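Taken together, the values in this text are just the output of simple stated rules run on the coordinates, not laboratory data. Keep in mind that this is a model prediction, so the values were computed, not measured. Cβ placement follows ideal geometry from the backbone for every residue including glycine, while neighbour counts extend to all protein chains displayed.
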């Protein structure tokens, strides 16, 4: 009976599934598309091959054949699909789709209505006549530059886009040549990419270009008219304009050259001399619109970005993260990664301030809290590998930072205005250490106010911790274990115990001649007060009666040539 029921289910599914539907005509930007793997029509949903549709949309992708998982990246948006599932992830956020993905002949098919909606591509589907039309909304948006209309052109293989006058057209699509030719205007622009150039600067490339240009055109004897620097997409470039010494030759040639890592991008223009003023203005608009999509991600923008090393090291997040996740001062950052990784670094930024956290990885697992210490509002987070991995980056996905250990970026919105900046972990200050937390609670459980608790811990240090003069690096936990430490480590120990009780505190350093001295500042009753546990230890030994709990600020700041905060 169970077997008969299973067969009936399969018959129902297969009857509603159309494999290799050749009756469906698919157009993208008014061009008929021929797929190697024909579309699948399931009830009212159309599924297209994931890799082919990624290439069509100019998206980067990685395909894990073993896991049947594809990650697609376009315009700062990441989509993850897996085989035979209704579940997808957009910028790390899980979303249930109306139709499931499907694996057929080892090829992953994805619901086209879902992916076009995410990538802002207009979709029109005429099921009766078997016609589907997709239009890139970005491409159809005309922009105005000094009263002229421009349209956006994308070159997916080069991973770039730029704007050209709306009436320009492809003169040679295979060689990426655009322009317009008529009795009134004759202008062309050819785009080239030169890869794998080592130790080649933009200036060197321009010199070689000029030499080769004259070598190829000896009868014209070209000379340089002008050379102008530009900065676009964060990369510097130069526009060089040449003209022939031959008076009869009225053709002007211009080359815009820019470089990203080991890739040279060259825009080569040719036009009549009488049109030079107008065309040079057009060229400047094209240059200013030029974007290298991989590098166009701005830290200040709202984003969630997984870089190639995130994917290559098989990173998986336990808690999905998406753009502008709302948090209350902290975010649990946990998941798995390749076991070769031992440590991650989290950098939290807001405006001109930044904070760095260490994320320990053990046997491929990590589980830490990332704190957002700069109050209400948006914080940007970058996750990096502490050391580079020996694993090779998947070459199917352009490495956005080939010389970097950057793994991912995302932004969060902190919705809490609690004063936590001086209560979170810092270098050699770990208020989350369970042993140190227990000690702080045991020392202060009878006290009710932050003032009394701060004094309890201060007195404990004076009575139990030995001051050593060795200039060695010690953590707060080392002081806890050995009951001794130097000036800095004892001050860190004091601040750690205070922060474990959520009492805001920080470490300062005063300089005099070639020496340094460290002390703590504690936030009590709305003000910062100086507390110096190491001078307190020395004073107790001398029995000189000096008080270093709530010390005089003027005395401290006047005794040092410079005073600097060394914790956040």
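Based on the reciprocal of the average 1/r between different C-alpha atoms, the Kirkwood radius for region 425-568 equals 15.1 Å.
From the square roots a ≥ b ≥ c of the eigenvalues of the alpha-carbon gyration tensor of region 42-113, which class results: rounded (a/c under 1.5), prolate (a/b over b/c), or oblate? Taking the square roots of the gyration eigenvalues as a ≥ b ≥ c, region 42-113 is rounded. Extending 7 Å from the Cα toward the beta-carbon at both residue 559 and residue 446 defines two label points whose distance is 3.1 nm.
Using a Förster distance of 41 angstrom, determine the FRET efficiency expected from the C-beta separation of residue 288 and residue 464, and round it to 0.05.
0.05
Ordering 119, 149 from the fewest to the most neighbouring beta carbons within 10 Å gives 149, 119. Label-to-label distance, residue 340 versus residue 369, with points set 7 angstrom from Cα along the beta-carbon direction: 3.3 nm.
As a proxy for reagent exposure, 174, 291, 124 were ordered by neighbouring Cβ count within 10 angstrom, fewest first; the result is 174, 124, 291. Computed from the Cβ-Cβ distance with R0 of 45 Å, the FRET efficiency linking residue 416 to residue 471 stands at 0.70. As a proxy for reagent exposure, ranking 521, 173, 484 by other Cβ atoms within 10 Å from fewest up yields 173, 484, 521.
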